[in-house]
């Protein structure tokens, strides 16, 4: 039996009628503001070639680890979904997804996908086993039209800028092609040095050799290694980058003496002699080194810590990174960030944005830190907490201490292109609901809430990421 697919105009707004009316008025003013996507993982090749997406599975299933993570947890093989398996029939993969769409009830993925199905593709019935082929044919046919090419979608959803994320070992050829094409869409990169900063990253020594070849520096010597980073950062900045990004297991920082840092680098770059403790200390030292480089070159620094990457060894061995087996961990910030902040936290030239997957740190550690240090800002509710309840918990726990303006608005941090407008719509609705409650409780004037709604939707991200 098919059931209707509807997007209620007041979805996610407060239940109380008076508060909902305030939220509705606030949302109306920000709903069509430009989308600022200052940190994400969309593929720059999409915008470089502007080639049409092949089919529904290629666009909406394969890049979205939120989706195939849930399906894998219910016993569906990634091979059958076409993840890392080009031999899989995309229609059959879509049927597997459609027949299990009920698994996503109550999840943010369900909200984002329903928005895409209804608002982007005009579908009016829910996805299910019965409607699977109808969905697949309708979406795939739409993707063959010019209106659904990557650049057209970028413009349709009023995206002002997207930052992708690349390794120092990337030659940024797709970003060069975008520039040379004459297209006016703004797609920039961000510097993600994990493969040449983390001694436990697979192929670390080979990556150092490649970095040496790319920069002409000896990346097995401490000063040459640092010089290579400065060269690559400058190149990324020349290609539009305004930020760096660091996905370390923890937020630990260190401030070793030059001699200690050099000795540690010799140990971790030599290979087998380094211990896990050495690797953690080196990552900690490199966060402080990168903060110093940001003071020099002005790139905004982001730290995304606290994920146990590739927790499932079998999955990692068979399918590689970023396949949904990353798990949040307890993460501290007060002691861990102190070496970096003691060195650079009072320097107005540093802009440091810190994220967390550990919600217990919001009110206890992160809000007080951001409410004090001039260099430090808080990233929004991230990854597992990029959800209505996660966003509400974030606002409730950090606002009283850090306020709104020690945050950076919203960013979507996604690989799934069409989830970008869907996620921003959710964030704007949740923020308008939160602000409406403050107005209804006579804690804020409505005109102040209107200014804040626009800042949270758009302006804070532009300012924080120097866009």
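The values are calculated or read from the model by the stated rules, or taken from the named source; none is laboratory data. The model shown is predicted, which means the values in this text are computed figures rather than measured ones. For neighbour counting, all protein chains shown are included, and Cβ atoms are generated from backbone atoms with ideal geometry for every residue, glycine included.
Only one of these is more than 18 Å from residue 300 (Cα to Cα), out of contact with any strand residue (DSSP E or B) (no Cβ under 8 Å at 6 or more places or on another chain) and part of a helix (DSSP H, G or I): 213, 218, 170. Name it. Break it down into steps so the answer makes sense when it comes.
Values: 218 fails: part of a helix (DSSP H, G or I); 170 fails: part of a helix (DSSP H, G or I).
That would be 213, the only listed residue that is more than 18 Å from residue 300 (Cα to Cα), out of contact with any strand residue (DSSP E or B) (no Cβ under 8 Å at 6 or more places or on another chain) and part of a helix (DSSP H, G or I).
Identify all residues within the range 68-82 that are at pLDDT 95 or above and in contact with a helix residue (DSSP H, G or I) (Cβ under 8 Å, 6 or more places away or on another chain); write none if there are none.
70, 71, 72, 74, 76, 78, 80, 81, 82
Quick check on my filter: what residues within the range 180-195 are in a helix (DSSP H, G or I) and free of Cβ contacts under 8 Å to residues at least 12 places away in the same chain? Give the derivation first.
First pass over the range 180-195, keeping only residues in a helix (DSSP H, G or I): 180-181, 194-195.
Scanning the range 180-195 gives a single hit, 180.
Looking only at the range 353-381, which residues are surrounded by fewer than 20 Cβ atoms within 10 Å (Cβ to Cβ) and closer than 16 Å to residue 307 by Cβ?
358, 359, 360
On the basis of being touching a residue at least 60 places away in the same chain (Cβ under 8 Å), under 30 Å from residue 78 (Cβ atoms), in a helix (DSSP H, G or I) and in contact with a helix residue (DSSP H, G or I) (Cβ under 7 Å, 6 or more places away or on another chain), does residue 291 make the cut? Spell out the reasoning first.
Values: touching a residue at least 60 places away in the same chain (Cβ under 8 Å): yes; under 30 Å from residue 78 (Cβ atoms): no; in a helix (DSSP H, G or I): yes; in contact with a helix residue (DSSP H, G or I) (Cβ under 7 Å, 6 or more places away or on another chain): yes.
Against the criterion (touching a residue at least 60 places away in the same chain (Cβ under 8 Å), under 30 Å from residue 78 (Cβ atoms), in a helix (DSSP H, G or I) and in contact with a helix residue (DSSP H, G or I) (Cβ under 7 Å, 6 or more places away or on another chain)), residue 291 does not qualify.
Quick one: is residue 134 surrounded by fewer than 20 Cβ atoms within 10 Å (Cβ to Cβ), over 20 Å from the mean Cα position of the chain (by Cα) and not assigned by TED's automatic domain parsing to the domain that holds residue 277? Before the answer, list the steps.
Numbers: surrounded by fewer than 20 Cβ atoms within 10 Å (Cβ to Cβ): yes; over 20 Å from the mean Cα position of the chain (by Cα): yes; not assigned by TED's automatic domain parsing to the domain that holds residue 277: yes.
When the stated conditions are applied, residue 134 passes them.
Could you count how many residues in the range 245-271 are in a loop (DSSP other than H, G, I, E, B) and without any contact (Cβ under 8 Å) to a residue 24 or more places away in the chain? Show your work before the answer.
From the range 245-271, those in a loop (DSSP other than H, G, I, E, B) are 247-257, 271; that's our starting set.
Next, from what is left, pick out any that are without any contact (Cβ under 8 Å) to a residue 24 or more places away in the chain: 257.
Looking only at that region, the number is 1.
Do we find that residue 439 is under 25 Å from the mean Cα position of the chain (by Cα), in the same structural domain as residue 161 (by TED's automatic domain parsing) and at negative phi in this structure? Can you show your working first?
On the way: under 25 Å from the mean Cα position of the chain (by Cα): no; in the same structural domain as residue 161 (by TED's automatic domain parsing): yes; at negative phi: yes.
Considered against the rule, which asks whether it is under 25 Å from the mean Cα position of the chain (by Cα), in the same structural domain as residue 161 (by TED's automatic domain parsing) and at negative phi, residue 439 comes out as no.
List every residue pair whose Cβ atoms lie under 6 Å apart, where the two residues are 6 or more positions apart in sequence or sit on different chains, the first residue falls within the range 222-244 and is closer than 23 Å to residue 259 by Cα, and the second residue, located anywhere, is modelled with pLDDT of 95 or more and part of a helix (DSSP H, G or I).
Here the result reads 222/262; 222/265; 228/211; 228/215; 231/215, each pair linking the range 222-244 to a residue that is modelled with pLDDT of 95 or more and part of a helix (DSSP H, G or I).
Name the residue that is farthest from residue 99 (Cα to Cα), counting only residues in the range 1-18 that are in contact with a strand residue (DSSP E or B) (Cβ under 8 Å, 6 or more places away or on another chain), in a loop (DSSP other than H, G, I, E, B) and modelled with pLDDT of 95 or more. Break it down into steps so the answer makes sense when it comes.
The first filter runs over the range 1-18 and keeps only residues in contact with a strand residue (DSSP E or B) (Cβ under 8 Å, 6 or more places away or on another chain), leaving 2-5.
Then drop every residue that is not in a loop (DSSP other than H, G, I, E, B), which leaves 2-3, 5.
Right, trim to modelled with pLDDT of 95 or more and you get 3, 5.
Working: 3: 14, 5: 16 Å.
By that ranking, first place goes to 5.
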